[in-house]
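Take a look at the structure below.
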Amino acid sequence: MFREFAKAGSPRWRRLIYAGWVLFAVSFVLPAHHEADGFLSGQMSGWNAFWSALIWGDLLGKLSAVTNLIMLGSLVILRTSWRGRGRWLPWLVGGAGVLNLAYWPIWLVTEGDNVSSLLPGYWVWAASFLCVAAGMWMLVKELASTRVALEPS
């Protein structure tokens, strides 16, 4: 059944992963954070916010910055050699997305800053993780249903 849908065009999971990757790439050039005072005052692009978190961030800030490597690892999903090797990668990418959506707003509030200092680049960046994770889960489900259909009765 799923093979017929796959023949009809590009699978939805692939489009969702590509869309997530476009969002991820665009987020690095969009303004991501507005620093009101301090060393890096003004608007920071996603790229500058990444380096700032990696170099000057606390442990969770550095972990959040390193989640970009997890996102890079998601490129493995587009290769046929990964398919069917486990569900750990979608969980990892989705967990990174949840960490990024939750950590920075909570950190800003505890530091006495306002969540409104997070600009579109940040939200696009965090959403890109969830978009890719959703596409990966769609692929995992598609593969599982295909395997069931192929098993002898």
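Here are the numbers for this structure:
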quantity	calculated
HN-Hα J in Hz across the stretch 54-66 - Karplus 6.51, -1.76, 1.60, θ = phi - 60°, x for Gly and Pro	5, 8, 9, x, 6, 4, 5, x, 5, 4, 4, 5, 6
For the stretch 14-23, 3J(HN,Hα) per residue [Karplus equation, 6.51 cos²θ - 1.76 cosθ + 1.60, θ = phi - 60°, Hz, x = Gly/Pro]	5, 5, 5, 5, 4, 4, x, 5, 5, 4
Long-range HN-HN contacts of Leu30 with modeled amide H, under 5 Å	Gly46
Residue-by-residue Karplus 3J(HN,Hα) for the stretch 97-103, coefficients 6.51, -1.76, 1.60, Hz, glycine and proline x	x, 5, 4, 5, 5, 8, 5
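Bear in mind these aren't lab numbers, they're just calculated from the coordinates by the rules spelled out. Everything numeric in this text was worked out from a predicted model, so none of it was measured.
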